[in-house]
Amino acid sequence: MFEKKSDKKTAVVTGGAGFLGSHLSDRLLAEGFRVIAIDNLITGNTDNIEHLAGNPDFKFIRHNVSEYIFVPGPVDYVFHFASPASPIDYLEHPIPTLKVGALGTHNTLGLAKDKGATFLLASTSECYGDPLEHPQSEDYWGHVNPIGPRGVYDEAKRFAEAMTMAYHRFHGMDTKIVRIFNTYGPRMRLRDGRVVPAFISQALNNEPLTVFGDGSQTRSFCYVSDLIDGIVRLALSDFHEPVNIGNPGEMTILDFAQKILALTGSTAQIVFKPLPVDDPRVRQPDISRAKRLLGWQPKVDFESGVRETIGYFKQKLGV
Ligand code: UDP
């Protein structure tokens, strides 16, 4: 696949044309890896990796990883990031979401096993569901509705974690699991339905900000470069159980809407819409495990991260 022999390590990144997969690919290339990005583009977009075209260390394969994956040559790391990841995406693609968490995880684990590669699963704070413990530590087993609209994502990721631990325990594979909390930054899709792109694009277009419910539910937002840094540290660690990576800075969604209005300088109104079914009431990562094991904690403050993201959306919207 790569023409010349080299001592560079090779990483496969599934979902490599997505928001997180493309940032991870950039970081791995900067660290001296060769990267093979695989994506079927149902929610990913080649715009996110356009700047890598022509890079001799980067290859893109358009493929659905829920089908058998063929990658020639040596592979040192497999990062499984492919999945619809926003509530409206997994409502629109419920079966592909279940399949990529289940069959896609099986196939990517099989690829890693065949190549003797380290495997890292992108899991999620959704494993905790609508949590009854707050903040959420990795020891909390969660409170998930398996048959609700979010179940297709939550249960697929819980299955993916179980499958990953089984490959670690049964096959002795080197595996890692990151539980990713709400993350934001450039390359999020304008209309992916998540609250960060929704509020920023509404504010920039001077349209009302759509707060769901009364806006008292909370989230904790992590800037993408911090998240990627935690993931790379985890990949290089020798820890196999799940690790939360996220920013513990928690706020209500109403508060978040007001902050977006202030940072964009927008005079848009706030309107209230019905709360989606099973929308978690609270969410905040307990990151003591990441601090202790990886020496990691987020560095980018909310205002700087949001300003960067606003700059990206302004460019996209041409405003
Ligand atoms: N939300 C909102 N307005 C929007 C989009 C989302 O109030 O236009 C709320 C949503 O109900 C949830 C929070 O913002 O409480 C975060 O939603 P998101 O879809 O970003 O991710 P989640 O954390 O729910 O997976």
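All told, Thr164 meets the bar of being buried (at least 18 other Cβ atoms within 10 Å of the Cβ), more than 15 Å from the ligand (Cβ to nearest atom), under 27 Å from Leu103 (Cβ atoms) and of a type in the set (Ser, Thr, Tyr). Taking each residue of segment 279-300 that is without any contact (Cβ under 8 Å) to a residue 40 or more places away in the chain and over 20 Å from Trp141 (Cβ atoms) and looking for partners that are within 11 Å of the ligand (Cβ to nearest atom) and outside any loop (DSSP other than H, G, I, E, B) with beta-carbon atoms closer than 6 Å, six or more apart or interchain, yields nothing. Every condition in (1) of a type in the set (Val, Ile, Thr); (2) surrounded by fewer than 19 Cβ atoms within 10 Å (Cβ to Cβ); (3) in contact with a Phe, Trp or Tyr (Cβ under 8 Å, 6 or more places away or on another chain) is met by Ile147 except one, and the failing one is (3). Criterion applied to Tyr153, Tyr90, Tyr128 was being modelled with pLDDT under 95, within 17 Å of the chain's Cα centre (by Cα) and among the aromatic types (Phe, Trp, Tyr), and the one residue passing it is Tyr90.
Taken as a whole, the structure places Lys316 among residues that are on the phi < 0 side of the Ramachandran plot and at pLDDT below 95.
Do we have any residue at all in segment 254-270 that's away from the ligand (no atom under 14 Å from the Cβ) and under 21 Å from Ser22 (Cα atoms)? Looking through segment 254-270, none of the residues is away from the ligand (no atom under 14 Å from the Cβ) and under 21 Å from Ser22 (Cα atoms). Evaluate the following for Ala203: is it of a type in the set (A, V, I, L, M, F, W, C), more than 23 Å from Asp47 (Cβ to Cβ), within 15 Å of the ligand (Cβ to nearest atom) and touching a residue at least 12 places away in the same chain (Cβ under 8 Å)? No; evaluated as a whole, the condition is false for this residue.
The strands (runs of 3 or more DSSP E) found wholly in segment 27-143 and carrying at least 3 residues that are in contact with a strand residue (DSSP E or B) (Cβ under 7 Å, 6 or more places away or on another chain) and within 16 Å of the ligand (Cβ to nearest atom) occupy 118-124. In segment 129-151, the residues that are hydroxyl-bearing (Ser, Thr, Tyr) form Cβ pairs under 7 Å with partners that are more than 14 Å from the ligand (Cβ to nearest atom), at six or more places apart or across chains, as follows: Ser137/Asp286; Tyr140/Glu133. All of Ile36, Ile49 fail the test of being farther than 22 Å from Ser123 by Cβ and surrounded by 19 or more Cβ atoms within 10 Å (Cβ to Cβ), apart from Ile49.
The values are calculated or read from the model by the stated rules, or taken from the named source; none is laboratory data. Computed from a predicted structure; not experimentally measured. Positions of Cβ are backbone-derived with ideal geometry, glycine not excepted, and every protein chain shown enters the neighbour counts.
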